[in-house]
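Structure record follows, encoded as structure tokens.
Derivation of every value follows stated rules applied to the coordinates shown; laboratory data play no part. Computed from a predicted model, the values in this text were never measured in an experiment. Cβ atoms come from the backbone with ideal geometry, glycine included; neighbour counts cover every protein chain shown.
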Amino acid sequence: MPFPENGEKIRRFIKARGFTQARFASLLGVEERSLRKMLHNGVYDLRTLYKMAKVLDVDVHLLVPDPE
């Protein structure tokens, strides 16, 4: 199930950490285009969410979409 609104939340974390999307994508090991698509569509697998949380130094629960 996609959660496009979650992409904006993750973008705020990226910006707060001082990363560009290109740098963040590089740290995740994905293409910048793939990252933009994930953030736009709100579709992430669990492995990617854990990687994002580690790179952003936040608890993964802050990145998990709210199902409501």
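Arranged by the count of other C-beta atoms within 10 angstrom, fewest first, what order do T48, T20 take?
Details: T48 17, T20 11.
Starting with the residue having the fewest Cβ neighbours, the order is T20, T48.
Kindly provide the helix-only [θ] at 222 nm of the chain, computed as the sum of -39,500 (n - 2.57) over DSSP H runs of four or more divided by all residues, to the nearest 500 deg cm²/dmol? Please list the in-between numbers first.
Details: 4 runs with 42 residues, N = 68.
About -18500 deg cm²/dmol.
Give me the dipole magnitude in Debye, nearest 20, for the chain about the Cα centre, with unit charges on the beta carbon: positive for Lys and Arg, negative for Asp and Glu.
On the way: 12 positive and 9 negative charges, 71 e Å.
In total the dipole reaches around 340 debye.
Kindly express, to the nearest 10 degrees and within the range 0 to 90, the angle between helix 46-56's C-alpha long axis and the longest C-alpha principal axis of the chain.
50
Got a sec to turn the phi values of the stretch 13-19 into Karplus ³J(HN,Hα) couplings, 6.51 cos²θ - 1.76 cosθ + 1.60 with θ = phi - 60°, whole Hz, x for Gly and Pro?
For the stretch 13-19, the Karplus-derived couplings read 5, 4, 5, 4, 7, x, 8 Hz, x marking Gly and Pro.
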